[in-house]
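Worksheet: one structure, shown below.
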């Protein structure tokens, strides 16, 4: 499998300001037979085109929760991947909040949702054995502690590899244990230097707990806020590698837009 980060920023301010070379827009997971697009926030379509990727070639759209920095381009991608609305071919895996909103304004428009061949809205901590275009994969949702209570992270298992994604969550005991055994963990470590009580996202200060519980060998920081961007990517990466790589046996990445990782 190959992971390509379209954009790595998160939160409202980064979503609005689009700091290069981070941007926002989610990431792709490509296997030999399937193309997944995960959490396409603002810039997903534009940055994909600039990186040479056609969003209509997406087979499976994954939306972990309803917030705009994870969903704003989902309608465009959902329509284009399904024959621009004239075919029913793709699969949607999304949190319940994507299609059901208390305000009666679903984040995925009904005419786009109706174009999918298959839709799954699993709760947290559920395992789905799925097949699409004759390719089998396992999709397990993981628990989060975030302001969208129907949201989840996930573990995608196929081709003998397992990729984990925390999605947006604050730290809680047991978070990391859900990802033991994954070949790569993409962790939404959004803030640095913030008090735990003031954020609904993971912080750099939570990394040691995450590494101890998950025992992962490869970790990518993702969904970066202004606090990390202004601190400095290179500076932070050097500090994290010095502090954690040898002691925990982990390879740490902080991607930028266009960054690729093979699993």
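Quick grid of which residues meet (1) at pLDDT 95 or above; (2) within 26 Å of residue 190 (Cβ to Cβ); (3) within 17 Å of the chain's Cα centre (by Cα):
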site: 96; (1), (2), (3): no, yes, yes
site: 113; (1), (2), (3): no, no, no
site: 133; (1), (2), (3): no, no, no
site: 144; (1), (2), (3): yes, yes, yes
site: 150; (1), (2), (3): no, yes, yes
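Residues of region 66-77 include at least one that is under 26 Å from residue 161 (Cβ atoms), in contact (Cβ under 8 Å) with a residue 60 or more places away in the chain and surrounded by 19 or more Cβ atoms within 10 Å (Cβ to Cβ). Within region 221-243, being buried (at least 17 other Cβ atoms within 10 Å of the Cβ) and farther than 24 Å from residue 69 by Cα holds for one residue alone: 240.
Residue 167 meets the stated requirement of being in a loop (DSSP other than H, G, I, E, B), surrounded by 17 or more Cβ atoms within 10 Å (Cβ to Cβ) and out of contact with any helix residue (DSSP H, G or I) (no Cβ under 6 Å at 6 or more places or on another chain). For region 17-92, the helices (runs of 4 or more DSSP H) that sit wholly inside it and include 3 or more residues that are closer than 21 Å to residue 261 by Cβ and either out of contact with any helix residue (DSSP H, G or I) (no Cβ under 9 Å at 6 or more places or on another chain) or at pLDDT 95 or above (or both) are 44-50. The sole residue among 110, 106 that is in contact with a helix residue (DSSP H, G or I) (Cβ under 8 Å, 6 or more places away or on another chain), surrounded by fewer than 17 Cβ atoms within 10 Å (Cβ to Cβ) and over 30 Å from residue 232 (Cβ atoms) is 106.
Considering region 42-65, the residues that are touching a strand residue (DSSP E or B) at 6+ places or on another chain (Cβ under 6 Å) and within 17 Å of residue 31 (Cα to Cα) include one that is surrounded by the fewest Cβ atoms within 10 Å (Cβ to Cβ), namely 57. Surrounded by fewer than 21 Cβ atoms within 10 Å (Cβ to Cβ), touching a residue at least 12 places away in the same chain (Cβ under 8 Å) and on the phi > 0 side of the Ramachandran plot - does that describe any residue in region 15-34? For region 15-34, residues surrounded by fewer than 21 Cβ atoms within 10 Å (Cβ to Cβ), touching a residue at least 12 places away in the same chain (Cβ under 8 Å) and on the phi > 0 side of the Ramachandran plot: present. Residue count for region 226-253 under the criterion of being touching a helix residue (DSSP H, G or I) at 6+ places or on another chain (Cβ under 6 Å) and touching a residue at least 60 places away in the same chain (Cβ under 8 Å): the result is 1.
Residues in region 145-162 that are in contact (Cβ under 8 Å) with a residue 24 or more places away in the chain and touching a strand residue (DSSP E or B) at 6+ places or on another chain (Cβ under 6 Å): 152, 153, 154, 155, 156, 158.
The values are calculated or read from the model by the stated rules, or taken from the named source; none is laboratory data. It should be emphasised that the depicted structure is a prediction, and the values quoted were computed from it without experimental measurement. Using ideal geometry, Cβ is built from the backbone for each residue, glycine included, and neighbour counts are taken over all protein chains shown.
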